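Undergrad: There's a structure below that I have some questions on.
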Amino acid sequence: MTDAPPAKKKHSLRTRLSHAGRPGTHVQGFVNPGVMRGSTVLQPDIATRKAAGAKRLEQAWIYGTAGGPTHWALEDMIAEIEGGTRCQIVSTGLAAVTTPLMAYLSQGDHCLMPDSVYGPARNFANSILKRYGVETVFYDPCIDEAGLAALMRPNTKLVYAESPGSHTFEVQDIPTIARVAHAHGAKVLMDNTWGIHYFQPFEHGVDVSIQALTKYPGGHSDVLLGSITTNSDEDWEKVRMTANTLGQYASPDDCWLTLRGLRTMGVRLKEQMESAMQVAHWLRHRPEVAQVLHPALPGAPGHALWKRDFTGACSLFGVEFKPEFSQEASEKMIEALELFGIGASWGGYESLATPTTGNLVRTAGTGKFQGPVVRMHIGLEDPADLIADLEQALAAMRAQSG
């Protein structure tokens, strides 16, 4: 009887990001894998072509839209980060939302989505899914177990989650949501973009995890890409087949740029988390601020769940100003910022500030605030410089309010 092989050592995220998705340290050649582009894939003979066709769901070269080595390296790397088994790369973060929705939902099905969901996901449910006979009900993201169970129906096929929620940062009780959904035979899909690495979705009962790779993996605001990661071959085959049928395809150049961005993601995540916490703590004590919507701040909404389920936090959060400040005054503050851009997306190296008030669509009665709310993303600038910039912009807001 031979001894069992030693268990493979589990390295830290930063080590895995440095070594995953490339040939290895003792293989001759360039450190980074090359970009493989193409549409037509040639086969040496008919037998090989037939064999490739029989493995359509595997990493087999059959046609350009099935992907190639550049795609597969990125898919393996994202699956590793998410703690899943298989990954499908798609063209955008929104495609990573819509593709699994199409994979799991059919005419006559019922879907539950949190009221705080990403706006384009809500729009897809209320337009395309509705047109194809799928009913979507939007639930309070902070719903308890009994409340969620009461919303489940015999035809509820999917419970969607996004934690924290877009713009207003509600943290959801994912283990409870998964327990209720699975008890009723429904799948759990989760947008885990905010919690990349810091929240391991499959340890908490999620079936399919969604990432906008445009954010931290790309890291430089120059790619559009999304990923769908599963924890079982059955789920992956369903997602993969749907993506192929829809013609979902990601540029190998964007995949290569994202692979490059991932090498430094661990360092950027840590640096941006620390800077965001420093800025959030400073804002919390400002006389203009009612509350900071950052789950990692002690006492902030959702902090207890964040502390239980997350190992860190990203650099995106919200700020609610006191009611005496108008929406126009908060917009004046944004425009007065010199180091913060006004723009959508986040997760890049640059800081951003955008108004939340006036841009929310809610139907379950959530997302109500007394004062105007602004969403902020903290980049790689020196936090002291960002704080000084915020201080002068807050002075402009006070002046606007008289």
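Undergrad: Taking every DSSP beta bridge that has both residues in the chain, what percent is antiparallel when rounded to the nearest 5?
TA: Once the DSSP bridges in the chain are tallied, antiparallel ones form about 60 percent.
Undergrad: Pop a pseudo-label 7 angstrom from the Cα along the beta-carbon direction at both residue 363 and residue 25 and give the gap in nm to one decimal.
TA: 5.4 nm
Undergrad: Shifting gears a bit: In the stretch 265-401, with Lys and Arg counted as +1 and Asp and Glu as -1 at Cβ, which of these residues, 339, 306, 269, has the Cα nearest the positive end of the dipole, that is, farthest along it?
TA: Farthest along the dipole direction, towards plus: 306.
Undergrad: Place a +1 charge on the Cβ of each Lys and Arg in the stretch 26-127 and a -1 charge on the Cβ of each Asp and Glu, then give the dipole magnitude about the Cα centre in debye, rounded to the nearest 20.
TA: Rounded to the nearest 20 debye, it is 380 debye.
Undergrad: Between rounded, prolate and oblate, where does the stretch 265-401 land on the alpha carbon gyration tensor, with a ≥ b ≥ c its root eigenvalues, rounded for a/c under 1.5, else prolate if a/b exceeds b/c?
TA: Taking the square roots of the gyration eigenvalues as a ≥ b ≥ c, the stretch 265-401 is oblate.
Undergrad: For a quick size check, give me the Cα extents of the stretch 197-300 along its three principal axes, largest first, whole Å.
TA: In descending order, the Cα extents are 54, 32, 22 Å.
Undergrad: Using only Cα atoms, find the angle between the long axis of helix 252-262 and the longest principal axis of the chain, and express it within 0 to 90 degrees, rounded to the nearest 10.
TA: 60 degrees
Undergrad: Have a look at 212, 313, 183 and tell me which one the Gaussian network model of the chain (Cα, springs below 10 Å) gives the largest fluctuation.
TA: 183
Undergrad: Moving to a separate point now. Work from the charge dipole of the stretch 13-262 (Cβ charges, +1 for Lys and Arg, -1 for Asp and Glu, about the Cα centre) and give the residue of 241, 201, 142 farthest towards its positive end.
TA: Highest projection toward the positive end goes to 241.
Undergrad: Still on this model: Would you calculate a helix-derived [θ] at 222 nm for the chain, using -39,500 (n - 2.57) for each DSSP H run of n ≥ 4 and dividing by the full residue count, to the nearest 500?
TA: -11000 deg cm²/dmol
Undergrad: Which value results for Rg/Rh of the chain when Rg is the Cα radius of gyration and Rh the Kirkwood radius based on the inverse mean 1/r?
TA: Rg divided by Rh gives 0.99.
Undergrad: Sticking with this structure for a sec: Of the lysine pairs in the stretch 265-401, how many meet both conditions: Cα atoms under 29 Å apart, and a spacing of 8 or more in sequence or different chains?
TA: Lysine pairs satisfying the spacing and distance rule in the stretch 265-401 number 6.
Undergrad: How large is the charge dipole for the stretch 265-401, taken about the Cα centre, if only the Cβ atoms of Lys, Arg (+1) and Asp, Glu (-1) carry charge, to the nearest 20 debye?
TA: Rounded to the nearest 20 debye, it is 680 debye.
Undergrad: Using modelled backbone amide H atoms (1.01 Å from N, in-plane), which distant-in-sequence or interchain residues come within less than 5 Å of residue 139's amide H?
TA: For residue 139, whose amide H was placed from the backbone, the distant partners under 5 Å are 113, 115.
Undergrad: If you don't mind, there's one more thing I want to ask. About the Cα centre of the chain, what is the dipole size in debye to 20, counting +1 per Lys and Arg Cβ and -1 per Asp and Glu Cβ, all else neutral?
TA: Charge dipole, the chain, about its Cα centre: 940 debye, nearest 20.
Undergrad: Using modelled backbone amide H atoms (1.01 Å from N, in-plane), which distant-in-sequence or interchain residues come within less than 5 Å of residue 157's amide H?
TA: Sorted by chain and number, the residues that satisfy this are 110.
Undergrad: Further question on the same structure: Based only on other Cβ atoms within 10 Å, what is the fewest-to-most ordering of 40, 92, 356, 230?
TA: The order, fewest Cβ neighbours first, is 40, 92, 356, 230.
Undergrad: Now a separate question. Set Lys and Arg Cβ to +1 and Asp and Glu Cβ to -1, take the dipole of the stretch 265-401 about its Cα centre, and tell me which of 317, 295, 393 lies farthest positive.
TA: The residue sitting farthest along the positive end of the dipole is 295.
Undergrad: On to the next question. By its C-alpha gyration tensor, with a ≥ b ≥ c as the square roots of the eigenvalues, how is the stretch 12-138 shaped: rounded for a/c under 1.5, else prolate for a/b larger than b/c, else oblate?
TA: Judged from the Cα gyration tensor, the stretch 12-138 comes out oblate (a/c at least 1.5, b/c at or above a/b).
Undergrad: Calculate how steeply helix 93-104 sits against the longest principal axis of the alpha-carbon atoms of the chain, using the helix alpha-carbon long axis, and give the answer as 0 to 90 degrees to the nearest 10.
TA: 60 degrees
Undergrad: Can you list residues whose amide H is under 5 Å from residue 41's amide H, if they're 5+ apart or on another chain and H is modeled 1.01 Å from N?
TA: 64
Quick note: the coordinates plus some simple rules give every number you see, no bench work behind them. As the structure is a prediction and not an experimental result, all values here were calculated from the model. When we count neighbours, we look across all protein chains shown, and the Cβ atoms used for this are built from the backbone with ideal geometry, even at glycine.
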